[in-house]
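Working notes for the structure below.
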Amino acid sequence: MTEVYKHRRQKLMEGKVFPATVCIFSGSAPMRSLDEAYPFSVDRNFYYLTGIEKENLILVLLCTAEGSIEEFLYIEPFDEVLAKWVGPRIRADEVYEISGIRQVKDIHNFRDDLNSYIERSRGAGKHHVYLDLWRYRADQSDTPAHTLATWLQQRYPAIAIEDIFPETAAMRSVKSEDELQCMREAQETTRIAIEAMMKHAYPGVNEAELEGAFDFALMKQGVRQHAFPTIVAGGANAATLHYTENCCTVEDGQMVLIDLGSTHGNYCADISRTFPINGKFSPRQKELYDTVLEAQRIVMGHAKPGITTRELNQLVIDYYESRLEDLGLRKNGLGVSDYYYHGVSHSLGLDTHDACTQRHPVLVPGMVITVEPGLYVEAEGIGIRIENDILITEDGCIDLSAGIPKTTEEIEAVMSK
Ligand code: GLY
Ligand code: MN
Ligand code: MN
């Protein structure tokens, strides 16, 4: 894999000329209590460019005056006491083995070194410093990149701070064969764990117990990292799209919506299924379920290069519009948006809602997206979502989740075992 990471770094530096510096941080885990941190989750751009999953590291890529690229990885020095408590930090030879980066430096010298790179380039034109300045929310606290940007801007008002996120997003949105292999592995471990959960279901089970059945089946396969917090939503809880309390009893006659995913090499699966807790769809449940399934089939039939995810979503809305009357849902002034209130697709990869060039991208071969129509009839205590992950090909798509039971017959067959 070392070559893969080297190649990605080279590609990122294409078109950049002296004086230019790229700095990408691996991040660190925020504290969750007085002396305990949340589990660490590596910055996905850092991982994409290095393959390393450790805290408090900085990747620096420099354009030299001679026209070459220099690569450095800043790491924390060995700490004997810390090594006894939490294990050793990453060593220079490990850095090289994983990422192919030879030049490893002490993180304590990072800012001094950056100063000298910038000082050395004085008189050679505007120095461009590229940082990942992505923020999900405007009120989100500063990342190390934002802190560095502020510090640099104060110290060197003449340099140009550039956001590298759009470039990494463009690279990440088209998957290579290595990445697809990881994504297929994540699908398979998810499939096995979903089937285990379906077989475990019974009227009166707690949502938490179902979550446990999924987790146990994942851990039996050696998987400890989920793509995102698992959703197990019985009955009307399913109308809350990102319900994660998972603490209620699922009664006989109710359906349960699950939305969950395993990971492999940090690549995510994102699957939703909805099934009757007693193992048998009622006629009404089947009628609504098959409507969602048909919406998914329509979207998959149109998913190909050139179409946008907004257009795919419109297909779902139009189909539901045509079905509302027959389903007895066009009443009390309600319309499609009262029963379906999210988009049908998002990019999938190292992030569950993966880095992407646009909010509603035009599909191109190599993209992986979800197809997740839903229908939420809260008044009937029913919420249905069916979510598969597809790979866009030259002329259509491949359903990466095809092996996961989905039709009412397939689900009933698994649950009867
Ligand atoms: N699990 C979150 C989503 O489907 O987008
Ligand atoms: Mn999902
Ligand atoms: Mn999704």
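The values are calculated or read from the model by the stated rules, or taken from the named source; none is laboratory data. Here the structure is a predicted model, which is why all the values come from computation and not from measurement. All Cβ positions, glycine included, derive from the backbone under ideal geometry; neighbour counts span all protein chains shown. Accessible surface areas use protein heavy atoms only, side chains included; no ligands, DNA or RNA. Shrake-Rupley method; radii C 1.70, N 1.55, O 1.52, S 1.80 Å.
The table for this structure:
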{"item": "Per residue convex hull volume, Cα atoms of the range 45-203, in Å³", "result": "212 Å³"}
{"item": "Largest to smallest principal axis extent of the C-alpha atoms in the range 236-282, angstrom", "result": "38, 22, 15"}
{"item": "Within the range 48-72: backbone nitrogen closer than 20 Å to the Leu133 label point (7 Å, Cα to C-beta)", "result": "59-63"}
{"item": "Reachable lysines, given that their alpha-carbon falls under 16 Å from the alpha-carbon of Lys105 and they are not under 8 places away in the same chain", "result": "Lys54"}
{"item": "Solvent-accessible surface ranking, highest first, for Lys11, Lys16, Lys417 at 1.4 angstrom", "result": "Lys417, Lys11, Lys16"}
{"item": "Surface per residue (accessible, 1.4 Å probe) for the chain, Å²", "result": "47 Å²"}
{"item": "List Ser322, Ser262, ordered by accessible area with a 1.4 Å probe, largest first", "result": "Ser322, Ser262"}
{"item": "In Å², nearest 10: area of Lys331 left accessible to a 1.4 Å probe", "result": "100 Å²"}
{"item": "Over the range 1-112: Rg over Rh, Cα atoms, Kirkwood Rh", "result": "1.00"}
{"item": "Angle between the chain longest axis and helix 283-302 axis [Cα atoms, degrees, rounded to 10]", "result": "40 degrees"}
{"item": "Relative contact order %, the range 187-239, counting alpha carbon pairs below 8 Å whose residues are six or more apart", "result": "39 percent"}
{"item": "Straight-distance crosslink candidates among lysines, where the alpha carbon sits under 25 Å from Lys406 and sequence neighbours closer than 8 are dropped", "result": "Lys199, Lys220, Lys280, Lys286, Lys304, Lys417"}
{"item": "Coil-residue GluC sites (Glu not before Pro) of the range 382-414, DSSP, other Cβ within 10 Å capped at 13", "result": "Glu394"}
{"item": "Translational diffusion coefficient (Stokes-Einstein; Kirkwood radius from C-alpha pairs) of the range 163-251 at 25 °C, 0.890 mPa s, in µm²/s", "result": "163 µm²/s"}
{"item": "Relative counts (whole %) of C-alpha pair distances in the range 279-417, using bins that are 5 Å wide", "result": "2, 10, 19, 21, 18, 14, 10, 5, 1"}
{"item": "Accessible-area value, Arg137, 1.4 Å probe, nucleic acids and ligands omitted, Å²", "result": "130 Å²"}
{"item": "Accessible carbon and sulfur surface of the chain relative to its total accessible area, %, 1.4 Å", "result": "51 percent"}
{"item": "Long-range Cα-Cα pairs in the range 62-141 (distance over 18 Å), rounded percent", "result": "61 percent"}
{"item": "Surface/4 of the Cα convex hull for the range 302-371, nm²", "result": "5.3 nm²"}
{"item": "Those trypsin sites (Lys or Arg not before Pro) in the range 31-63 that DSSP places in a loop and that have at most 10 other beta carbons within 10 Å", "result": "Arg32"}
{"item": "nm² value of the averaged projected area, convex hull over the Cα atoms of the range 334-375", "result": "3.5 nm²"}
{"item": "Largest to smallest accessible area among Trp151, Trp134, Trp85 [probe 1.4 Å]", "result": "Trp85, Trp134, Trp151"}
{"item": "Value in Å of the Kirkwood radius, where the range 202-249 supplies the Cα pairs that are averaged", "result": "11.4 Å"}
{"item": "Using alpha-carbon coordinates, inclination of helix 2-13 to the longest axis of the chain, degrees", "result": "70 degrees"}
{"item": "The chain, Cα convex hull volume normalised per residue, Å³", "result": "169 Å³"}
{"item": "Spatial separation of Cα centroids for the range 64-130 and the range 358-417, in angstrom", "result": "43 Å"}
{"item": "Between the range 2-32 and the range 163-208, the Cα center-to-center distance that results, in Å", "result": "25 Å"}
{"item": "Exposure of Val104 as accessible area (Å², to 10), given a probe of 1.4 Å and all protein chains", "result": "40 Å²"}
